[in-house]
Amino acid sequence: MTLRLTSAPVSGVKKRKSTPKPRNSPFAAHARRKPSPAAAGAAKAAAEDLVDDDPLPDIGGSHFISETAQVQNVVQAIQSIRTRMFDELPQRAGMNSTRIAEVLNLRRSLPPLASVAHIHTLLNAPTQVEREIVELVQTGRVRRLIVPGRGNDAAGLGDCLVLAEDWEGLVRGSTGLDTELKEKFLDILSRIGTSSALSQSIFTPDEYRALIRAGFLVSSSSYTQGSLNVASLPNLPRAAISSASRSGPVHPSDIDRAVQTDAQARAATLFLSLPNTGTYLRLLGTGRAHLLALLRRSTCNEAPMHLLKDRWNGAVETEKSFHLAKRARGEFAGILPGRTKKWKELYGMQFRWVLEEALGAGQVEMFETGSVGPGVRCL
């Protein structure tokens, strides 16, 4: 005898499964057909219209940088430029410990320089800024460092300023100089005024070799190599040319002898410098070139500032909520910062910092669009 759980099979009652009736589609009466070539062409034209190849609207120059810069004088501008050069290291950098150590060590080794062009960009008052720079240099609060061969105009890289206390701190913190030489060098710096050249006879051979190895002096012979001529060196003593005082015609041999005498006098001249100045200038030049390359990707060599910033930072993941949600789901949220050029070659250089440099050098200009914020145009 079998036991049944329900009485339905015994009583013969069967439940009917109700099947919903299919609804008639409102498009069922229309005939199906493939899109015509004309319709496909219209769709393609509409898609091409979405690509913005037209120049951005220009309603006038933009003072976005100078209006948002929180500086009031040259000293504050120098300090701001020094502290804002690099972005902070992200938590998920995508770099191993060796690479992170290289990035941090290079940042720490760079000299506390600020280009004059960058300062003009932040303050946007050329006459007042130049007057203040001259006063600070004459009072000894700021020293002006000019690197021959790097350009002394606005677009050049060789006209920089450094605070006197920062210079003194570098000298006192140098491990390659003894205490006596440090005090002697600082005393000479306080007495030479605005000059950037020193006579080699001031130091003993061991002293000036130690200063050159430490990076605080550079020989003029290193500037005379390559395309840089001797006459372009600043603040050099005038050599006594014996042939110039002679009466009568000047022979080619006299000119050669005069050039040799002048070169010998210049070879005995040393110029002030700071450790790793060349590394700083190369990094600055590379950052400017990369910014211009990103800007030239646009058809009209111009782009909104926010779009240019995204190109500079790269398609990296951030700590925003939607990126965190993607990472939690195991989805792709962007590449790690260590794989971008900003961190591989520029050591995390900040976008606004390099934009200010290029703007002060006259390589780009900013303008108001009236719709998408400030725009940047390559000159």
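The values are calculated or read from the model by the stated rules, or taken from the named source; none is laboratory data. This is a predicted model, so every value here is computed, not measured. When we count neighbours, we look across all protein chains shown, and the Cβ atoms used for this are built from the backbone with ideal geometry, even at glycine.
Among residues of the range 173-212 being part of a helix (DSSP H, G or I) and polar (S, T, N, Q), the one that is farthest from P111 (Cα to Cα) is S201. Of all residues in the range 141-159, exactly one satisfies the criterion of being at pLDDT 90 or above and either in the same structural domain as L270 (by TED's automatic domain parsing) or surrounded by fewer than 16 Cβ atoms within 10 Å (Cβ to Cβ) (or both), namely R141. Could you look through the range 50-67, keep only residues that are within 27 Å of K341 (Cα to Cα) and without any contact (Cβ under 8 Å) to a residue 60 or more places away in the chain, and pick out the one that is nearest to the chain's Cα centre (by Cα)? That would be D52. Counting the residues of the range 307-323 that are modelled with pLDDT of 70 or more and surrounded by 13 or more Cβ atoms within 10 Å (Cβ to Cβ) gives 9. Checked against (1) outside any strand (DSSP E or B); (2) at negative phi; (3) at pLDDT 75 or above, K326 passes all but condition (3).
Residues of the range 289-313 that are in contact with an Asp or Glu (Cβ under 8 Å, 6 or more places away or on another chain) and either among the aliphatic types (A, V, I, L, M) or not assigned by TED's automatic domain parsing to the domain that holds G61 (or both): L295 alone. Test L170 against the criterion of being in contact with a Leu (Cβ under 9 Å, 6 or more places away or on another chain), in a loop (DSSP other than H, G, I, E, B), surrounded by 15 or more Cβ atoms within 10 Å (Cβ to Cβ) and in contact (Cβ under 8 Å) with a residue 24 or more places away in the chain, and give yes or no. Against the criterion (in contact with a Leu (Cβ under 9 Å, 6 or more places away or on another chain), in a loop (DSSP other than H, G, I, E, B), surrounded by 15 or more Cβ atoms within 10 Å (Cβ to Cβ) and in contact (Cβ under 8 Å) with a residue 24 or more places away in the chain), L170 does not qualify.
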